[in-house]
Amino acid sequence: MAEKFLTRLPAEIRPVLDNGVPAVMVTCSADGIPNVTIISQVHYVDDTHAALSFQFFSKTIRNVRENPKAYVMVSDVIGQANWVLELEFQRSETDGPIFDAMDMQIEAIASATGMSGIFKLRAADIYRVLSVEKLSHVARAEA
Amino acid sequence: MIPGRLVTFLEQHANIAMAGTRNRDLVPYGHRVSGWRISADRRTVTALISEQFTDRLVESLEDNGELALTVEEYPSHETYQLKGRYLRHRPLESEDLEVIERIRGRFAKSLRPLYPDAPDDILRAFTLTPRLAVEFEVREIYLQTPGPGAGARLVPTADG
């Protein structure tokens, strides 16, 4: 069962972004090699933008600067759904309110997961939301 | 060839995975993976793709063959990414479902500290029912455990 929200992040996704469950990001290099990485945080900027933490996933960082398209999945364990975001990289910020908010949250996640000193925010990468889709854990009718 | 230590990790410890493909316009797609099987010669892996995540999968693989699979043990975050070339796909076999059940149990157990009051069936449902098995030849393996070594290529080694 899928619900499509064209180009905007709905209010119901916000607690999912903050639930502490790692998200997954897929990017693709300019020479066509996909890359899948776990990311610790997807930050809500506004209903058409999300920010992703740039910590140490250098291949991902290189890829989105070569090819700005990105795919992100966040999971709602209790709500039994996955949210799929298609994004486009716009810019990188190394200070300011978005960076500061993400830095604080990264520190909290690191502390809670025993990864203090390993997680370190280098930049907040800002993405435009191209599409949002909610995929229920319940199988589709035609399956 | 997948190193023996990594085979042990994949078969006994890893509990969550995601595959990545891309279309001819280099748009990336993600596909949740419910389970994985390693061939006897350790050269190929079969990813059991969750049924909600098969859209655009075969079309992309038949177009360009590129596939990446990231496998993690949660909550330790030990993570590896396997990159390779699509070989074939097939419907599920009964042995696939046995693999899924083992992984489902491991992952539900790993979630329990995060959700102490959640019913078992909710946690077990997180590992989705698979729909399709995709076999690919593993050409490169990267360490992706968070930390200074993340991104290091493990296979092939620098000396080949």
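With the convex hull drawn around the C-alpha atoms of the protein assembly as shown, the volume per residue stands at 130 Å³. Seen from every direction in turn and averaged, the convex hull around the alpha carbons of segment A:2-136 projects onto 7.7 nm². Simple rule: put +1 on each Lys or Arg Cβ and -1 on each Asp or Glu Cβ in the protein assembly as shown, find the dipole, and look at A:ALA23, B:LEU132, A:SER75; the Cα lying farthest toward the positive end is B:LEU132.
Would you look at the GNM of chain B, springs on alpha carbons closer than 10 Å, and say which of B:VAL58, B:VAL71, B:VAL33 moves the most? Its mean-square fluctuation being the largest, the pick is B:VAL58.
Pairwise Cα separations in segment B:4-154 fall into 10 Å bins from 0 onward with the following percentages, short to long: 11, 41, 36, 11, 1.
Residue by residue along A:42-55, Cβ atoms of other protein chains within 10 Å of the local Cβ number 0 on average. Over the residues of chain A, the helix contribution to mean residue ellipticity at 222 nm works out to -6000 deg cm²/dmol, using -39500 (n - 2.57) for each DSSP H run of at least 4.
The charge dipole of the protein assembly as shown, taken about its Cα centre with unit charges on the Cβ of Lys, Arg, Asp and Glu (plus for the first two, minus for the last two), comes to roughly 520 debye. Take each residue of peptide B:28-36, count the partner chain Cβ atoms within 10 Å of its Cβ, and average: the result is 5. Projecting label points 7 angstrom from Cα along Cα→Cβ for B:ASP120 and B:ARG42 puts them 3.5 nm apart. Projecting the Cα atoms of B:GLN81, B:GLY20, B:GLY65 onto the charge dipole of chain B (Cβ charges, centred on the Cα centre) puts B:GLN81 farthest toward the positive pole.
Charge dipole of chain B (Cα centre as origin; +1 on each Lys and Arg Cβ, -1 on each Asp and Glu Cβ, all else neutral): 240 debye, rounded to the nearest 20.
Give me the lysines in straight-line cross-link reach of A:LYS120: C-alpha distance below 19 Å, same-chain residues under 8 apart excluded. By straight Cα distance, A:LYS120 reaches A:LYS59. Roughly what angle does helix A:97-112 make with the longest principal axis of chain A, taking Cα atoms, 0 to 90 degrees, to the nearest 10? On a 0 to 90 degree scale, this one is about 80. Here segment B:1-17 and segment B:90-160 have alpha carbon centers that stand 9 Å from each other.
Taken together, the values in this text are just the output of simple stated rules run on the coordinates, not laboratory data. Fair warning: this is a prediction, and the values are worked out from it, not measured in the lab. Glycine also receives a Cβ, built like all others from the backbone with ideal geometry; neighbour counts cover every protein chain displayed.
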